[in-house]
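The values are calculated or read from the model by the stated rules, or taken from the named source; none is laboratory data. This structure is a prediction, so every number in the text was calculated from the model and none was measured. Cβ sites come from the backbone with ideal geometry, for glycine too, and all protein chains shown count toward neighbours. For accessibility, only protein heavy atoms count, side chains too; no ligands or nucleic acids. Shrake-Rupley method; radii C 1.70, N 1.55, O 1.52, S 1.80 Å.
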Amino acid sequence: MKMDRLRLSFEELAKFTDKGEGINRLAYTKMERDARLYMIEQLKLAGLTVRTDYAGNVIARREGAAPDLPVVATGSHIDSVYAAGEFDGTAGVLVALEIMRSLADEGIATLHPLEVIIFACEESARFGASTLGSKAMTGRLDPAYTRSLTDKNGVTLMHAFEENGLDLEEVHLAKRFRDEFKAFVELHVEQGPVLEKQDVSIGIVSAIAAPIRFHVHVEGTADHSGTTPMDYRHDALLGGAEIALAVERAAIEELAHGTVGTVGVFSIQPGAMNVVPGLAELDVDIRGTSLESRQRVVEALEKAIDDVKKARCLNIWMEEISSETPVQMDNALVKDLESVCEAQGIAWMKMPSGAGHDAMNMASLCPTGMIFVPSKDGLSHNPAEFTSMEQLMEGAQVLRAFLLKQAQTVD
Ligand SMILES: [Zn+2]
């Protein structure tokens, strides 16, 4: 594998961006389509056979000596959020391309076919729905839901599909089957600070955390800030603040399980300097890889609501917005990845993934694993997102050794 060639790949792909700060390559736009066509060309040059499925996923196949055996697949995405960095998703795709090029250079053949998959619409930035491509591939896409999706300019997903030569009514045909795959492994940037802080090169993902989300309404009384004595107030903001702090305390209690709790939205009304806040609205996101641990934080939230309601005479109610289930990575693949790192002499650690990835859908289809490489300062979804070429090459080394072990090299 060649680091200079890998660096050049990143430079070339980064040219496919719409105006704005950082990378702007939103799902199903012309820019993303052009990037996809560029990637298809590069994968073909590396000797792979490439097709695009009914969801716009790119599936590139490197034939095996036994073509009927299930494929060993890797991949990620090249669509981005607004003002993104250069590495989220692209790391897994360009490292896979570099691996395929190196196999061609060295004339290496495998028994099982290999696949590089570029998943469509991983990011929710455009349509408010994430991992559409991998959901389609794994038969987890709800047709009624996809028909309702529009972007902020009012463009429907259906229309975006048409612009890509796709038909949303046919998206179910993208579904693939369990026996087509031996394994799927996604390499991705960590998007958090842990690997860098621990000075470890590779994260082997044990499980992908999933969020449960709530909307909390805190209703007090909007009063004059000058004429209402402190002991006559029903301040919604202060009630909400106590609830937010209770979520933090409960999540800290669960530190050992990696569960996290966040109040990311907190708005008050009427929002004037001389008025005691009458209404506070909070959006709470609690996520983890352990359902039991996550549930304990939810219970602490419910208790805090009860306590604050009584102590401050506020009217508080909460509604669940969504609840998803954490996804475990395949145990045998995790062990395999560990032994590959050991054999390569590369420092590794097991860790959960706090963010969602295409791998969590693929896990419903076949044995699935994930490899993380470090993110500088833990930054992601940010133009300053950075992973060094040296770090990416270490990831490439692990992924390549893993793919060859799974697919079995032949002479
Ligand atoms: Zn990503």
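Here Gly271 does not fit the description of being open to solvent by less than 40 Å² (accessible area, probe 1.4 Å), more than 29 Å from Gly192 (Cα to Cα) and either in contact with a Pro (Cβ under 8 Å, 6 or more places away or on another chain) or outside the structural domain of Val218 (by TED's automatic domain parsing) (or both). Strands (runs of 3 or more DSSP E) fully within segment 304-411 that include at least 2 residues being in contact (Cβ under 8 Å) with a residue 24 or more places away in the chain and surrounded by fewer than 14 Cβ atoms within 10 Å (Cβ to Cβ): 315-323. Just checking, does segment 42-57 include any residue being in contact with a Ser or Thr (Cβ under 7 Å, 6 or more places away or on another chain), within 16 Å of the ligand (Cβ to nearest atom) and assigned by TED's automatic domain parsing to the domain that holds Ile99? No: segment 42-57 contains no residue that is in contact with a Ser or Thr (Cβ under 7 Å, 6 or more places away or on another chain), within 16 Å of the ligand (Cβ to nearest atom) and assigned by TED's automatic domain parsing to the domain that holds Ile99. Taking the listed residues Asn331, Asn315, the one that is within 24 Å of Ala256 (Cβ to Cβ) and over 14 Å from the mean Cα position of the chain (by Cα) is Asn331, with no other qualifying.
Which one of these is open to solvent by 40 Å² or more (accessible area, probe 1.4 Å), in contact (Cβ under 8 Å) with a residue 40 or more places away in the chain and either within 17 Å of Ala160 (Cα to Cα) or touching a Ser or Thr at 6+ places or on another chain (Cβ under 8 Å) (or both): Ala35, Ala65?
Ala65
Show me the helices (runs of 4 or more DSSP H) found entirely inside segment 72-188 where at least 2 residues are under 19 Å from the mean Cα position of the chain (by Cα) and within 16 Å of the ligand (Cβ to nearest atom). Give the steps one after another, and end with the answer.
On the way: elements: 90-106, 132-137, 143-147, 157-163.
Of the helices (runs of 4 or more DSSP H) lying wholly inside segment 72-188, those with at least 2 residues that are under 19 Å from the mean Cα position of the chain (by Cα) and within 16 Å of the ligand (Cβ to nearest atom) span 90-106, 132-137.
Within segment 234-250, the set of residues being within 26 Å of the chain's Cα centre (by Cα) and open to solvent by less than 10 Å² (accessible area, probe 1.4 Å) comprises just one member, Val247.
Can you tell me which residues in segment 146-161 are surrounded by 12 or more Cβ atoms within 10 Å (Cβ to Cβ) and either at pLDDT 95 or above or not polar (S, T, N, Q) (or both)? First the steps, then the outcome.
So the first thing to find is which residues in segment 146-161 are surrounded by 12 or more Cβ atoms within 10 Å (Cβ to Cβ), and the list is 146-151, 155-161.
Answer for segment 146-161, where residues must be surrounded by 12 or more Cβ atoms within 10 Å (Cβ to Cβ) and either at pLDDT 95 or above or not polar (S, T, N, Q) (or both): Arg147, Leu149, Thr150, Asp151, Val155, Thr156, Leu157, Met158, His159, Ala160, Phe161.
So for segment 191-200 (the condition being over 25 Å from Gly369 (Cα atoms) and in contact (Cβ under 8 Å) with a residue 12 or more places away in the chain), does at least one residue qualify?
Taking segment 191-200 first, the residues over 25 Å from Gly369 (Cα atoms) are none.
No, because not a single residue in segment 191-200 is over 25 Å from Gly369 (Cα atoms) and in contact (Cβ under 8 Å) with a residue 12 or more places away in the chain.
Looking at segment 205-213, can you tell me whether even one residue there is β-branched (Val, Ile, Thr), part of a loop (DSSP other than H, G, I, E, B) and touching a residue at least 40 places away in the same chain (Cβ under 8 Å)?
no
Just one of the listed residues (Phe214, Phe181) is among the aromatic types (Phe, Trp, Tyr) and either in contact with a Leu (Cβ under 6 Å, 6 or more places away or on another chain) or over 30 Å from Gln344 (Cα atoms) (or both), and it is Phe214. Working only within segment 12-32, note down all residues that are within 24 Å of Asn153 (Cα to Cα) and either β-branched (Val, Ile, Thr) or surrounded by 16 or more Cβ atoms within 10 Å (Cβ to Cβ) (or both). Listed by number, the residues that qualify are Phe16, Thr17, Gly22, Ile23, Asn24, Arg25, Leu26, Ala27, Tyr28, Thr29, Met31, Glu32.
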